[in-house]
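Have a look at the structure below, then the notes.
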Amino acid sequence: MFDLSTMQKSPRIILASASPRRKELMEKAGYSFDVIVSDINESDFPVENAEPAEYAKQLALAKATAVAKDYPDAVVIGADTIIDFDGRIIGKPQDRKHAEQITRKLFSKPHKVITGLAIIRLKDNLQIVASNTTVVCPRKMTDQQIAEHIIGGTWRDKAGAYAIQETGDEFVERIEGSLTNVMGLPTELLKKMLDKAT
């Protein structure tokens, strides 16, 4: 658990993410922070031929940098979560049809969830970038389950068209690695990085 007594002496922490799940995970971990969403356009970062972990770190750093420019004294956290399916990056679905295609693909065999994390503070040129990988071993979904998942809409704005906190054991047999990483923010890695930064 993060030592809240140190916060008065610590710099301001900013989460550069619109994700309610990341906000909730940081709150549960006991951090005091502000949320300021970055304005980067993820489509400016092509996925073709990109190495998955490096791509996630690149986006995380871009998000953190975009916000840090206006808050040079703050410790800014950027994060980006992608799916690595056989070395190919799977991002957020564009529409229902795309979500169904992604779901059928990902729930056919194990895949990796990768979150890139970046922490920067411009005033002293602090920059820490890392990533965390979790292997998700899915259950085989029936056509009916896939249809219900798509109709339910929980795939919207989710890397890989699903959120483990909402589907849980129904679609996932087991995971190998950090659960919070699959949820979008590996809190174990975040703590190690913030300990270096604050």
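Taking packing as the residue-averaged number of other Cβ atoms within 10 angstrom, the listed peptides 22-29, 135-142 run from highest to lowest as 22-29, 135-142. Compared with the dominant principal axis of the Cα atoms in the chain, helix 187-197 is inclined by about 20°. Does anything in the range 128-156 have its amide N under 16 Å from the 7 Å Cα→Cβ label point of residue 24, and if so which residues? Hits in the range 128-156 for residue 24 at 16 Å: 153-156. Computed over all pairs of different Cα atoms, the Kirkwood value for the hydrodynamic radius of the range 69-133 is 14.0 Å. Candidates 15, 87, 144 compared by Cα position along the dipole of the chain: farthest toward the positive end lies 15, with charges placed on Cβ. At a Cα cut-off below 30 Å, give the lysines reachable from residue 112, other chains included and same-chain residues fewer than 8 away excluded. Counting by Cα, and skipping residues close in sequence, residue 112 has these lysines nearby: 23, 28, 57, 63, 92, 97, 140, 158, 191, 192, 196.
Read the figures in this text as sums done on the coordinates, not as results from a lab. Not measured: the values here are computed from a predicted model. All Cβ positions, even for glycine, are placed from backbone atoms using ideal geometry, and neighbour counts span all protein chains on display.
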